[in-house]
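Q: One structure, as structure tokens, below. Some questions next.
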Amino acid sequence: MQIPFINLSRQYESIRSEIDQAIQFVFEQAQFIGGSTVKKFESDFANRYSVPHCLSTGNGTDALFLILKALNIKHGDEVITPAFSCIPSSETISLVGATPVFCDVDPIYYTLNPDEVVKKITSKTKAIIAVHLFGQSADGIELKKICDANSLFLIEDCAQAHLSSQTNKLAGTFGVASAFSFYPTKNLGAYGDAGCILTHDDGLAEKMRRLANHGALAKDDHLMEGTNSRMDSLQAALLSVKLNHLEKWNSKRKEIAALYNSLLADINNLTLPAEKENTNHTFHIFSIQTASRDSLKNYLGECGIETMIHYPKGLPFTEAYKHFQHSEKEFPVTAKLQQQVLSLPVYAELTNEEVIFVAESIRQFFSTQKKSPTG
Ligand SMILES: *Cc1c(COP(=O)(O)O)cnc(C)c1O
């Protein structure tokens, strides 16, 4: 059996006629930037979140950048962001000239540890970026309290958390603005790059809309300089189609996660992903932890099972941030996670038979490992 980490052709086959129809509509309409399909997706997504403003962007990284820029975060300012995440949640801070201040995460839920966040606040801190990593909602309630008590902006990175929630409040509605990515492999993925921003704030929404379109809301109305970050009409049309399937796909991911968890529960030396109480985890990534991560990954590869490592290096330890001279002692959880995490295939089109095969292969690995003299 060959099990790829993700299988987007299976997903396409399951919604082929709807997708083909939407493509045809855009080509016949012959409007490729902006227009009715973009407006429709923005209103579909805003309605799903019960938020007044959804602004489409070129990708999720731009969404974060535009939020930071519109909040006037700049040189001399600090922004607290997780040490364990992917680089857009820190590089966009540097892009506006500010300094990313890394903070360690929770060892089980993989999201910002609020107790550690408090220790990182200085007189220069302007904002906190909460990343809802792997589909697990970060503690939006606690982080919002911390932000309010210290006059900081809470910015949410929801690239991996479409429709994740905490106490029935959707991730992406806790802070001043939230960034989404529709990179093809995300829970809601486009057929190319795309992203968006959600916010309740009218003034901020208008400023971000201008920044994303050369400072203009209409042609030649340049109140300021901006950039070009727009969603293609084609991506918008396809995302509107896929948005109708998102809830069902997320539920399927949850079922698969539950099946993995039940099949792997009794294996020692294996930490399974936990769903935090009162949250809805949408399992963008199903991340297990084991000290024998590299040999397990090799073994599964030989079985035909593709796995990935999110992330092989904590952000403070990457070349990009060498100049900060961070040490592993400063981020002990991240330092351990980078050596132990392994992501298993999880997507709505995965069959139970395939999930069982992955779980059986993992069981096989640990049973042969126990017998070997080196342990
Ligand atoms: C994917 C991702 C992004 C960036 O999204 P792009 O659309 O690829 O620019 C940002 N943050 C996190 C946590 C992501 O996983």
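The values are calculated or read from the model by the stated rules, or taken from the named source; none is laboratory data. Worth saying up front: this structure is predicted, and the values here are computed from it rather than measured. Every residue, glycine as well, gets a Cβ built from its backbone with ideal geometry; the counts of neighbours run over all protein chains shown. Only protein heavy atoms, including side chains, enter the accessible area calculation; ligands, DNA and RNA are left aside. Shrake-Rupley method; radii C 1.70, N 1.55, O 1.52, S 1.80 Å.
Q: Please figure out what share of the DSSP beta bridges in segment 67-193 is antiparallel and state it in percent, rounded to the nearest 5.
A: Roughly 15 percent of the DSSP beta bridges within segment 67-193 come out antiparallel.
Q: I've got another one for you. Expressed in nm to one decimal, what extension gain is obtained for the pair His214 and Ser367 from 0.36 nm per residue of sequence separation less their Cα-Cα distance?
A: Numbers: separation 153, 0.36 × 153 = 55.08 nm, distance 5.96 nm.
Extending this stretch completely gives an extra 49.1 nm.
Q: Dipole magnitude of the chain about its Cα centre, charges +1 at Lys/Arg Cβ and -1 at Asp/Glu Cβ only, in debye to the nearest 20?
A: Dipole about the Cα centre, nearest 20: 320 debye.
Q: Using a 1.4 angstrom probe, figure out how much accessible area the chain has per residue, in square angstrom, rounded to the nearest whole.
A: On a per-residue basis, the chain sits at 44 Å².
Q: Please label the shape of the chain as rounded, prolate or oblate, based on the square roots a ≥ b ≥ c of the eigenvalues of the alpha-carbon gyration tensor (a/c under 1.5 means rounded; beyond that, a/b larger than b/c means prolate, else oblate).
A: oblate
Q: Another question about this same structure. Using a ≥ b ≥ c from the Cα gyration tensor of segment 329-370 (square roots of the eigenvalues), is it rounded, prolate or oblate, where a/c under 1.5 gives rounded and otherwise the larger of a/b and b/c decides, a/b for prolate?
A: Oblate is the answer for segment 329-370, as a/c is 1.5 or above yet b/c matches or exceeds a/b.
Q: While we're on this one: With only Lys, Arg, Asp and Glu charged, each at its Cβ (+1 for the first two, -1 for the last two), find how big the charge dipole of segment 142-186 is about the Cα centre; round to the nearest 20 debye.
A: Charge dipole of segment 142-186: 100 debye, to the nearest 20.
Q: Here's something else I'd like to know. What residues from segment 214-228 fall in the zone where the backbone N is under 20 Å from a label point 7 Å along the Cα-to-C-beta line of Glu206?
A: 214-227
Q: How large is the accessible surface of Thr185 in square angstrom, using a 1.4 angstrom probe and rounding to the nearest 10?
A: 50
Q: Rounded to the nearest percent, how much of the accessible area of the chain (1.4 Å probe, protein heavy atoms only) is carbon and sulfur?
A: On the way: 8350 of 16370 Å².
Carbon-and-sulfur percentage of accessible area, whole number: 51.
Q: How big is the dipole moment of segment 1-57 about its Cα centre under a simple scheme where the beta carbon of each Lys and Arg is +1, that of each Asp and Glu is -1, and everything else is neutral? Debye, nearest 20, please.
A: Magnitude of the dipole: close to 140 debye.
Q: Given Cα pairs under 8 Å that are at least 6 residues apart, what percent is the relative contact order of the chain?
A: 21
Q: Of Lys74/Lys329; Lys144/Lys242; Lys169/Lys254; Lys120/Lys276; Lys207/Lys242, which sit over 21 Å apart, Cα to Cα?
A: On the way: Lys74/Lys329 29 Å; Lys144/Lys242 31 Å; Lys169/Lys254 18 Å; Lys120/Lys276 24 Å; Lys207/Lys242 29 Å.
With Cα atoms farther than 21 Å apart: Lys74/Lys329; Lys144/Lys242; Lys120/Lys276; Lys207/Lys242.
Q: Now, a different point. Only Cα pairs within less than 10 Å get springs; with that Gaussian network setup on the chain, which residue of Val118, Val358, Val101 has the largest fluctuation?
A: Val118
Q: Based on the Cβ-Cβ distance from Ser9 to Leu259, what FRET efficiency comes out when R0 is 22 Å, to the nearest 0.05?
A: E between Ser9 and Leu259, to the nearest 0.05, is 0.45.
Q: Post the alpha-carbon centroid distance, segment 237-270 to segment 88-153, in whole angstrom.
A: 26
Q: Could you put Phe357, Phe317 in order of accessible surface area, largest first, with the 1.4 Å probe and the full protein assembly present? Could the numbers behind the result be given before it?
A: On the way: Phe357 60, Phe317 35 Å².
Largest accessible area first, the list is Phe357, Phe317.
Q: So what's the convex hull volume per residue for the Cα atoms of segment 259-372, in Å³?
A: Numbers: hull volume 16.5 nm³, N = 114.
Looking at segment 259-372, the number lands at 145 Å³ per residue.
Q: Of Cys86, Val118, Thr61, which is farthest along the charge dipole of the chain in the positive direction, counting Lys and Arg as +1 and Asp and Glu as -1 at C-beta?
A: Val118
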